[in-house]
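Step one of this worksheet: look at the structure below.
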Amino acid sequence: MRPNIIKEISYKELKAQFDHLSGYILISLFLGLLYYFFLKTFFVNGVVSMRSLFQILPWYMAVFVPAITMGSFASEVEKQTLEYLETKPIKQMELIIGKILGASKIIFIAILLTIPLPIFINQIAPLDIGEIISGYLGALVLVLALSSLGVAISTFYKNQIAAFITSSVLILALILINSDITAINIPTALANSLAQFSIVDNYDPIIRGVINLNNIVYFIIFIVASVAIAYTNIQKIKISRTTDLYKKTFAITIVDAFSAIALVYLSNYFGQQVGRIDLTSDKRYTLSSATNEVLREEGKIIIEV
């Protein structure tokens, strides 16, 4: 793939949003809601932290991301410009990644406009810089994952509204898959298995300030799987479903999906053992050396709460 082509496509996507008033209205609405609900709870709770902002972010993403990505391919199919793009010297993978990065840039620009909040809060009391950095890093990873999903969903439709609704429902499902509402209505073993595929369960440790290997692997697999789905659908548009090439592409995508599920399980198992970084300034989520020495001693440790 050629980075300059991907960069040009992502710039085109970014420019397309800011060429219309709707893009500015969408970002203003997104920021207005974020600022309002964060500051409302911040002064009530009295906790000097930005974590509550990042915790509510996935819920806003369920609407904001589909609104940005719904036209990525749906509008191209509707306007019959996708066939025109196929005649250009642009690889399909370059087109997909360019559109994902373009959508991600728009959303992350909106998130970066919340930086005045930590600056303001830091005047009241000192913030944990490591937690702030980790929070914005988590937001970036979340944006990339959900943008890739939104672009993949857009390849299924000609109608942008249908793409928007489907993306929103899927993102909400990934948020609610490990919620209390879901957990109390299904067996515990199933709930624990589903939790490994929850966006929130893999996002929350990062915004707390802890980078786990299994969480990073989850998001990488999520993005790769979304790109594979988008690529398969574009192949479907380009060639007949009955051809051997399409069948082979579809079969590879199915194999990739099962491989992704297996990798998520493996990363959750091994990620607990290795690959963990605590970015908080006081290492509050890391056991001290003295505690580790006690845990290594023989005999039982009783903790009373």
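The values are calculated or read from the model by the stated rules, or taken from the named source; none is laboratory data. Computed from a prediction, not measured in an experiment: that's the story for all the values here. Heads up, the Cβs are rebuilt from the backbone with ideal geometry, glycines too, and the neighbour counts pull from every protein chain shown. Accessible surface areas use protein heavy atoms only, side chains included; no ligands, DNA or RNA. Shrake-Rupley method; radii C 1.70, N 1.55, O 1.52, S 1.80 Å.
What the table shows:
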| item | result |
| --- | --- |
| Subset tally (residues that are in contact (Cβ under 8 Å) with a residue 40 or more places away in the chain and outside any helix (DSSP H, G or I)) for the stretch 40-64 | 3 |
| Flag if S193 is crowded, with 17+ Cβ neighbours inside 10 Å and either free of Cβ contacts under 8 Å to residues at least 60 places away in the same chain or under 30 Å from I132 (Cβ atoms) (or both) | no |
| Number of the exception - L53 against (1) within 21 Å of L170 (Cβ to Cβ); (2) open to solvent by less than 90 Å² (accessible area, probe 1.4 Å) | (1) |
| Test: V255 is buried (at least 18 other Cβ atoms within 10 Å of the Cβ) and modelled with pLDDT under 85 | no |
| Filter result for L33 (touching a residue at least 60 places away in the same chain (Cβ under 8 Å), assigned to a helix (DSSP H, G or I), open to solvent by less than 80 Å² (accessible area, probe 1.4 Å) and aliphatic (A, V, I, L, M)) | no |
| Boolean, G71 is in a loop (DSSP other than H, G, I, E, B), open to solvent by less than 50 Å² (accessible area, probe 1.4 Å), at pLDDT 80 or above and of a type outside the set (S, T, Y) | yes |
| Near pairs, Cβ below 7 angstrom, 6+ apart or cross-chain, from the stretch 1-17 (open to solvent by less than 40 Å² (accessible area, probe 1.4 Å)) to any residue that is among the hydrophobic types (A, V, I, L, M, F, W, C) and part of a loop (DSSP other than H, G, I, E, B) | I5/I90 |
| Members of the stretch 201-222 that are assigned to a helix (DSSP H, G or I) and open to solvent by less than 50 Å² (accessible area, probe 1.4 Å) | N202, Y203, P205, I206, I207, N214, N215, V217, Y218, F219, I221, F222 |
| Residue match in the stretch 81-88 (condition: within 29 Å of A173 (Cα to Cα), hydroxyl-bearing (S, T, Y) and modelled with pLDDT under 85) | no |
| Filtered residues of the stretch 228-241 (kept if open to solvent by less than 50 Å² (accessible area, probe 1.4 Å) and in contact with a helix residue (DSSP H, G or I) (Cβ under 6 Å, 6 or more places away or on another chain)) | A228, A230, T232, I234, Q235, I239 |
| Test for I115: is it among the β-branched types (V, I, T) and touching a residue at least 12 places away in the same chain (Cβ under 8 Å) | no |
| Set I161, I181: member being part of a helix (DSSP H, G or I), within 20 Å of F64 (Cα to Cα) and open to solvent by 60 Å² or more (accessible area, probe 1.4 Å) | I161 |
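Yes or no, residue by residue, for (1) open to solvent by 40 Å² or more (accessible area, probe 1.4 Å); (2) assigned to a helix (DSSP H, G or I); (3) aromatic (F, W, Y):
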site: L101; (1), (2), (3): yes, yes, no
site: K105; (1), (2), (3): yes, yes, no
site: I109; (1), (2), (3): yes, yes, no
site: T114; (1), (2), (3): no, no, no
site: I119; (1), (2), (3): yes, yes, no
site: N122; (1), (2), (3): yes, yes, no
site: G130; (1), (2), (3): no, yes, no
site: F156; (1), (2), (3): yes, no, yes
